[in-house]
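Below is one structure, written out as structure tokens; comments come after it.
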Amino acid sequence: MLHNQHSFVIPENQGVIELVSSLRKNFSVRLLAETVNKRVFYDTFDWRLYKNGSVLEQHNEGSSRKIYWREGRQGKLKIQLGLSKVPYLASELPAGEFRQQLHSVISVRELTPRVRLKIKRQSLAVVDNNEKIVVRLYIDKYLYQPSKTRAARALGNRLTIVPVKGYADDYSRVEASILEMKLPPAQDNMMKLALVAKGVSAGEYSSKLNILLDPDMPAEQALKKILLRLLEIMKQNTAGSITGRDIEFMHHYRVSIRKTRSALKQVKGVLPQDISEKYNNFFSMLGKLTNPVRDLDVFLVQLENYQQDLGSAAQQALQPLCEHLMQSRAEAQKKFVEELKSAEYRENIKQWCNYLGSSEKSDTPAENADRAVYKLADELIWEIYQQALEQGNAITADSKAKELHELRKTFKKLRYLIEFFRSLYPTTMVREFTQALTGLQDNLGELNDLDVHAAIVRGFIKQCTDEKAVKACKKIIKSLKNQLHKTRSEFAACYADFASADNHNRFREMFIDYHASR
Amino acid sequence: MKIIAIYNIKGGVGKTATAVNLSYLASLDGANTLLWDLDPQGAASYYCRIKPKIKGGGKKLVEGKIDIDEVVKGTDYENLDLLPADFSYRNMDMFLQSTKQPLNRLNKLLGPLAEEYDYVFLDCPPSISAASESVFTAADILLVPTIPTTLSLRTYKQIMHFLKQQNTGHAKVLPFFVMVDGRKKMHRLIVQHPPSFMPTLLKSYIPYASEVERMGTHRAPVAIFAPGSKAAGRYQSLWNELRPQLW
Ligand SMILES: Nc1ncnc2c1ncn2[C@@H]1O[C@H](COP(=O)(O)OP(=O)(O)OP(=O)(O)O)[C@@H](O)[C@H]1O
Ligand SMILES: [Mg+2]
């Protein structure tokens with residue numbers, strides 16, 4: 001079986017025929033069939049398996065299809081999945097340990113084929129004096145074929161010894177005699193070789209902004225660079241958003257839209273007014289289309305947790321809610337996709353891309369266009385930071401949800417500005433700042449989610465005629481309220497952590513003193 | 001894991017041929033399959049070219065003192081493993097009686113294999129004994145090859161009667177006709193008008209065919225050495241009919 005098989009590289013100068021005849025000196029070797037097999041390597045768009053150091057591969061051998069998940073380097077078998085098809089999502093698998101394991105690596109991301117190989121296999125068998133097969137040998141020639149019409153590229157030959165259960169002694173003897181040939185051991189790097197042949201480098205995708213700015217760059221140039229990077233992320237996530245199976249594509253797409261809008265609005269007086277307005281409107285419209293889809297996605301993921309405390313009868317009763325939400329999601333997704341596929345959308349994106357890519361200056365540059373970007377960044381961030389503190393200090397135990405909502409938005413703006421301009425500050429300062437923000441932002445984010453989710457359930461109750469479902473929904477609302485209460489009560493502490501004197505001094509140093517002392 | 005026992009009190013009715021061919025076809029589906037040769041004669045082991053011998057002996061195996069996994073052998077077919085026969089199986093009843101729960105014994109022995117195998121086929125010796133009762137308890141399906149003659153139908157009735165009396169296990173009993181010889185009038189009549197006491201009779205039947213006899217010289221399932229033959233086709237139909245009953 002696969003987990004204790006042993007593979008070797010057959011060097012280019014080593015003839016396969018000699019290899020077989022040298023085996024025949026000691027063993028009775030039969031040539032079996034020659035077959036052509038296929039191997040497909042899967043990963044998520046952002047290479048989560050690769051980064052986790054594992055490989056998920058589908059072996060097509062004759063009519064059989066097997067799926068293996070293995071540790072990357074030694075090719076050690078993690079799991080042979082009893083599946084004939086790679087699932088798109090971990091959630092499609094039956095509940096159990098494997099689903100959990102896979103989910104912990106790829107989360108909600110979709111698995112897609114990343115590279116395909118063709119393998120020409122000559123099977124051999126060592127037989128005993130009953131002509132019974134006691135050890136199997138495969139000589140595999142790996143090929144990467146870019147397309148049907150283009151020539152395949154050879155990636156190398158491998159020899160694999162596969163034990164037959166119950167014939168361990170025979171296996172050892174064959175293995176020993178092959179080890180004597182001093183063939184190098186095969187590391188399981190076929191996926192890498194194939195990706196190199198395909199011209200793709202694994203692990204390349206990142207949804208991080210990673211924008212490198214020169215402090216003295218004119219602000220206009222810097223802002224265009226930021227916006228161009230955001231547009232790039234949007235484009236990378238467009239196809240996946242349209243498919244809509246992997247909800248992270250839409251999420252990244254949407255976050256980029258929000259950041260784009262934030263950049264257009266917060267980084268004031270840098271782009272010409274008409275441009276800012278036009279694209280702010282365009283992206284605002286897009287953003288609105290994503291809202292219901294994302295809200296429902298998050299809710300549906302959370303719903304599993306909400307249901308857990310309910311007991312199976314209530315869970316059953318919630319079926320209509322699930323169906324309703326799926327339906328709403330599908331409708332919202334459809335509208336969103338229609339927009340993404342429209343000629344108008346494409347035209348707008350093209351123009352936006354052209355505009356951002358041109359180095360042409362406008363005849364009437366905006367007031368801040370030529371300022372050094374670091375000065376503008378210091379000012380903008382400090383201003384928003386002040387505003388955040390002002391709003392935050394005003395929050396009391398009696399404050400309305402609306403005020404917290406506004407505060408959340410202000411902190412988001414602050415966070416985005418830091419992301420845009422992070423290369424202008426020392427890495428440790430940025431890290432400390434984001435760390436200080438994280439606890440508070442999580443708290444505010446959770447409050448918002450709970451609010452949105454309660455509103456979704458209430459909306460459903462209004463139009464639901466199924467009494468059992470309504471009753472179960474009310475239970476959920478109750479539990480949402482409890483959670484809201486709890487999260488709300490934690491706000492003060494989260495905020496106090498952030499607004500500590502220590503942090504304040506740190507931020508002063510970062511945004512007021514750091515560039516001044518240059 | 002589903003356990004399929006191929007059983008008949010009568011000898012020489014094609015149990016082993018059925019077990020070998022069906023288990024091979026199951027493995028072709030990609031299912032991990034184990035064939036357990038329970039007959040001291042070791043005919044199934046012979047067909048697989050594997051020595052009918054258990055290292056440590058059949059007694060220890062039955063008593064659970066040997067890890068089954070240690071004595072299983074891979075066959076020449078990728079997903080098919082064999083648990084070989086051992087001559088000492090002729091004392092199977094004695095072995096079983098010395099254990100605590102003889103009826104449950106096979107079930108218990110097979111338990112740990114559930115992770116590894118999708119199907120286990122039991123090739124049973126022809127008899128009615130403590131061993132067969134243990135088989136009835138373990139099996140999900142009792143496949144009964146039956147020759148379409150009045151005498152064989154009587155045997156089938158006896159088996160059903162016995163199972164009813166014992167009231168052990170949960171096995172679905174599925175008879176099917178074998179060695180059907182179209183030249184014989186009685187065969188034709190019975191196959192065309194099966195008796196009412198066989199409501200679960202499978203539609204597929206295995207004709208009398210020389211390819212099946214030739215399994216002994218080729219030491220392989222029919223589909224290997226006579227892939228296009230009528231017999232190969234019939235075993236495939238039988239498996240196709242049986243497969244959905246195992247879900
Ligand atoms: N359909 C068939 N057509 C022709 N010959 C057959 C057929 N099925 C089985 N045989 C032959 O009949 C003999 C008995 O078959 P097999 O060994 O499969 O029966 P069995 O029920 O397992 O016997 P036992 O009770 O001795 O274990 C063998 O020689 C076999 O080749
Ligand atoms: Mg037999």
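The values are calculated or read from the model by the stated rules, or taken from the named source; none is laboratory data. Worth saying up front: this structure is predicted, and the values here are computed from it rather than measured. Please note: Cβ atoms are built from the backbone with ideal geometry, for glycine as well, and neighbour counts cover all protein chains shown.
What residue, among those in the range B:28-49 that are of a type in the set (A, V, I, L, M, F, W, C) and within 16 Å of ligand 1 (Cβ to nearest atom), is farthest from the chain's Cα centre (by Cα)?
Filtering the range B:28-49 down to residues of a type in the set (A, V, I, L, M, F, W, C) leaves B:28, B:31, B:34-36, B:38, B:43-44, B:48.
Applying the additional criterion that residues be within 16 Å of ligand 1 (Cβ to nearest atom) yields B:35-36, B:38, B:43-44, B:48.
On the way: B:35: 8, B:36: 8, B:38: 9, B:43: 12, B:44: 10, B:48: 15 Å.
Filtering the range B:28-49 for residues that are of a type in the set (A, V, I, L, M, F, W, C) and within 16 Å of ligand 1 (Cβ to nearest atom), the one farthest from the chain's Cα centre (by Cα) comes out as B:48.
What residue, of A:264, A:227, A:223, A:296, is closer than 18 Å to residue A:346 by Cα, assigned by TED's automatic domain parsing to the domain that holds residue A:337 and surrounded by 17 or more Cβ atoms within 10 Å (Cβ to Cβ)?
Details: A:264 fails: closer than 18 Å to residue A:346 by Cα; A:223 fails: closer than 18 Å to residue A:346 by Cα; A:296 fails: closer than 18 Å to residue A:346 by Cα.
The unique qualifying residue is A:227.
Are there any pairs with C-beta distances below 9 angstrom linking a residue in the range B:20-44 that is at positive phi to a residue that is among the small types (Gly, Ala, Ser) and within 13 Å of ligand 2 (Cβ to nearest atom), with the two at least 6 apart or on different chains, and if so which?
B:42/B:85
Which residue, of B:125, B:148, is closer than 22 Å to residue B:17 by Cβ, at pLDDT 95 or above, away from ligand 2 (no atom under 15 Å from the Cβ) and surrounded by 19 or more Cβ atoms within 10 Å (Cβ to Cβ)?
Working: B:125 fails: away from ligand 2 (no atom under 15 Å from the Cβ).
Answer to the selection: B:148.
Which residue pairs have Cβ atoms under 7 Å apart, sit 6 or more places apart or on different chains, and have a first residue in the range A:259-275 that is over 19 Å from residue A:286 (Cα atoms) and a second that is of a type in the set (D, E, K, R) and part of a helix (DSSP H, G or I)?
Close Cβ pairs satisfying both conditions: A:270/A:220; A:271/A:220.
State whether the residues of the range A:144-161 include one that is touching a Pro at 6+ places or on another chain (Cβ under 9 Å), among the β-branched types (Val, Ile, Thr) and within 14 Å of another protein chain (Cβ to nearest Cβ).
The answer is no; no qualifying residue exists.
Would you say residue B:11 is within 16 Å of ligand 2 (Cβ to nearest atom), within 21 Å of residue B:212 (Cα to Cα) and surrounded by fewer than 18 Cβ atoms within 10 Å (Cβ to Cβ)? Reasoning before the result, please.
Working: within 16 Å of ligand 2 (Cβ to nearest atom): yes; within 21 Å of residue B:212 (Cα to Cα): yes; surrounded by fewer than 18 Cβ atoms within 10 Å (Cβ to Cβ): yes.
Considered against the rule, which asks whether it is within 16 Å of ligand 2 (Cβ to nearest atom), within 21 Å of residue B:212 (Cα to Cα) and surrounded by fewer than 18 Cβ atoms within 10 Å (Cβ to Cβ), residue B:11 comes out as yes.
Take the range A:164-173 and flag every residue that is under 18 Å from residue B:49 (Cβ atoms) and in contact (Cβ under 8 Å) with a residue 40 or more places away in the chain. It would help to see each step written out before you state the result.
Initial filter on the range A:164-173 (under 18 Å from residue B:49 (Cβ atoms)): A:164-171.
Result: A:165, A:170.
Quick check, is residue A:203 loosely packed, with under 14 Cβ neighbours inside 10 Å and either more than 30 Å from residue B:54 (Cα to Cα) or within 14 Å of chain B (Cβ to nearest Cβ) (or both)?
Yes.
Consider residue A:209 carefully, then state whether it is away from chain B (no Cβ under 14 Å), of a type in the set (A, V, I, L, M, F, W, C) and more than 30 Å from residue A:42 (Cβ to Cβ).
no
Failed condition for residue A:205, given (1) aromatic (Phe, Trp, Tyr); (2) part of a strand (DSSP E or B); (3) within 30 Å of residue A:418 (Cβ to Cβ), with all others met?
In the conditions (1) aromatic (Phe, Trp, Tyr); (2) part of a strand (DSSP E or B); (3) within 30 Å of residue A:418 (Cβ to Cβ), residue A:205 misses (2) alone.
Given the residues B:89, B:46, which is the only one that is within 15 Å of ligand 2 (Cβ to nearest atom) and touching a Lys or Arg at 6+ places or on another chain (Cβ under 8 Å)?
Working: B:89 fails: touching a Lys or Arg at 6+ places or on another chain (Cβ under 8 Å).
Result of the check over B:89, B:46: B:46.
In the range A:376-397, what residues are out of contact with any helix residue (DSSP H, G or I) (no Cβ under 7 Å at 6 or more places or on another chain) and either in a helix (DSSP H, G or I) or not assigned by TED's automatic domain parsing to the domain that holds residue A:512 (or both)?
Initially, the range A:376-397 is screened for residues out of contact with any helix residue (DSSP H, G or I) (no Cβ under 7 Å at 6 or more places or on another chain), giving A:379, A:383, A:386, A:389-390, A:393-394, A:396-397.
Correct list: A:379, A:383, A:386, A:389, A:390, A:393.
Against the conditions (1) closer than 24 Å to residue B:180 by Cβ; (2) within 16 Å of ligand 2 (Cβ to nearest atom), where does residue B:38 fall short? Just the number, please.
With respect to (1) closer than 24 Å to residue B:180 by Cβ; (2) within 16 Å of ligand 2 (Cβ to nearest atom), residue B:38 is out only on (1).
Of all residues in the range B:107-129, which are within 16 Å of ligand 1 (Cβ to nearest atom) and free of Cβ contacts under 8 Å to residues at least 60 places away in the same chain? It would help to see each step written out before you state the result.
Let us first name the residues in the range B:107-129 that are within 16 Å of ligand 1 (Cβ to nearest atom), namely B:121-129.
Listed by number, the list holds a single entry, B:129.
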